[in-house]
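What follows is a single structure, written as C-alpha cells, with notes after it.
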Amino acid sequence: MTRGLDAGGMNSTDLLVVGGGPAGLATAAAAARLGRRVRVLERRTEQRRHSRALVVHAHTLEELEAIDVAQPLIDAGLPSRRLTISRGGRTLLAADFQRVNSRFPYALVVSQEVTERLLQQRCVELGVELLPGTEVVDCFDGGVRLADGQELSAPQIVGADGLGSVIRARTGIGFPGSSDTRHFTLADVRLSGDAPAGLNLHLEPDGILVLGSLPDQLTRIIADAPTENEPSREILQRMLATRGPAGLAIDEVEWSSRFSVQHRLADSFGRGRINLVGDAAHVHSPVGGQGMNLGIVDGIELAQALVDGPEAVELWRVRRRAAARQIVRTTETLFGLATSRQPVVRRIVPRLLGLAGHTPSIPHRLATLASGLR
C-alpha cells in the first residue's frame with residue numbers, strides 16, 4: 001500500500017499529510033485544489049464510525065465552500081438555529097444563530113463520520129493519494145519514516161495526527177496544558193417524549209447535560225459522569241431524568257462511550273518545513289463544539305499559506321496559534337464553571353447566565369463567537 005522513495009520522492013509529492021481525520025483531509029483537499037500533489041498517510045485502515053465531534057459552525061462552512069464541501073455537508077446535516085442554556089426547566093440564555101452575519105446562520109449538526117467521508121470523497125476527486133494502513137513512526141525536515149522502515153519525502157510535511165502526534169513529538173514541539181480527572185459520558189440515543197430541538201445545555205445541581213438533535217431521529221447526550229464505568233442505558237436514563245426535560249425515555253442506545261478532557265496548546269504550530277493542524281496542535285473541552293472546526297480551518301488556511309511562501313506560513317503559525325489559544329482559554333474557563341463542584345459556583349453561574357440572557361448583546365455575541373465569527 002505504501003511506496004518507497006523512488007515512487008514517492010520529492011518529484012512526485014509536494015505535500016505529505018500525516019493523519020486522515022477532518023483536519024488532515026481538509027488540508028489535503030485545499031492544497032490539491034491549489035494545484036499541489038498531496039499524499040495522506042493514515043494509520044487506520046477503516047473510517048471511524050463514531051466520534052465526539054458533532055457540529056460544523058458557520059465560519060467553517062464558509063471555509064469549506066472553497067473546496068466545494070459545504071453544500072454536501074449541509075445536505076447531509078441538520079441545521080440547529082439556537083443554543084439554549086437552562087436550569088430547572090427555566091431558560092437562562094438563548095443564543096440565536098439566525099442573527100449571525102453569515103451565509104450559514106445556524107450550527108450544522110452532522111457527525112464526524114459523515115464529515116470525514118465527504119472530505120475523503122473530495123480528496124479523491126482532486127487527485128489526492130490516500131494511503132490507509134500507513135503508520136508514521138518518525139519525521140525529519142523533508143520526509144517521514146514508516147513503521148516498515150520505508151521513507152517518504154516531500155518539501156512540506158503536515159502533522160494532523162491527533163493528540164498523541166508523532167510529528168509534534170519528533171519535531172520537538174512542546175504541548176503543555178492540563179488533564180481533567182473527571183469522566184464524561186457520550187451517547188447517541190433514540191428518545192420517546194417531547195425532546196427539545198436544537199442544541200441544549202442543562203446546568204443542574206448534580207451535573208451538566210447536553211442534548212443535541214441529530215439526523216435520523218437520534219439525540220446526542222453528553223454529561224459529566226460520577227464513575228469511570230461504561231454508560232449503560234440505566235445510567236443514561238437516570239442522568240436524563242435528573243438533569244433533562246421531564247417525560248423523556250431512552251428507547252434505544254445507538255452507541256455510547258466515555259472520555260476525559262484535556263486542555264493543551266502546542267508551543268509552536270510549526271518548525272522548518274513541518275506544520276501542525278487540528279488536535280496535533282490544540283485540544284480542549286467539547287464546550288462550544290470548536291475542536292473539529294478549528295482543525296478544519298487550520299488546514300484550509302495552511303494550504304493557502306504554503307502556496308504563498310515562507311512569510312505567509314510564519315504568519316499563519318502566529319495567527320492560528322492565537323486563535324487556538326483564545327479557544328483553549330475560553331473553553332477551559334467555561335468548562336470549569338459549568339462542571340464545578342463548588343456549591344457557591346453552582347449557585348452563582350446560573351444567576352449570572354440569567355442576567356446575561358436578558359442583556360441582548362450577550363446572547364448575540366455568544367452566537368457569533370460559537371459560530372467562529374468575529
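What follows is calculated from the coordinates using simple rules that are stated; it is not laboratory data. Here the structure is a predicted model, which means the values were calculated and not measured. As a convention, Cβ positions derive from the backbone with ideal geometry for all residues, glycine included, and neighbour counts pool all protein chains shown.
Overview of values
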item: Positive-end residue, the chain charge dipole about Cα centroid, Cβ charges, pick of Thr115, Ala266, Thr13; result: Ala266
item: Within segment 44-115, GluC sites (Glu not before Pro) in DSSP loop having at most 11 other beta-carbon neighbours inside 10 Å; result: Glu46
item: Kirkwood estimate for the chain, i.e. one over the average of 1/r between Cα atoms, Å; result: 21.3 Å
item: Relative packing of 351-364, 152-165, which averages over residues the other C-beta atoms within 10 Å, highest first; result: 152-165, 351-364
item: Computed helical MRE - 222 nm, the chain, DSSP H runs ≥ 4 contributing -39500 (n - 2.57), nearest 500; result: -11000 deg cm²/dmol
item: Choice from Val277, Val261, Val344 showing the highest fluctuation, given a GNM over the chain with Cα pairs closer than 10 Å; result: Val344
item: Cα-projected label distance for Gln304 with Glu254, points at 7 Å along beta-carbon direction, nm; result: 3.4 nm
item: Distance from segment 328-374 to segment 146-177 (C-alpha centre basis), Å; result: 36 Å
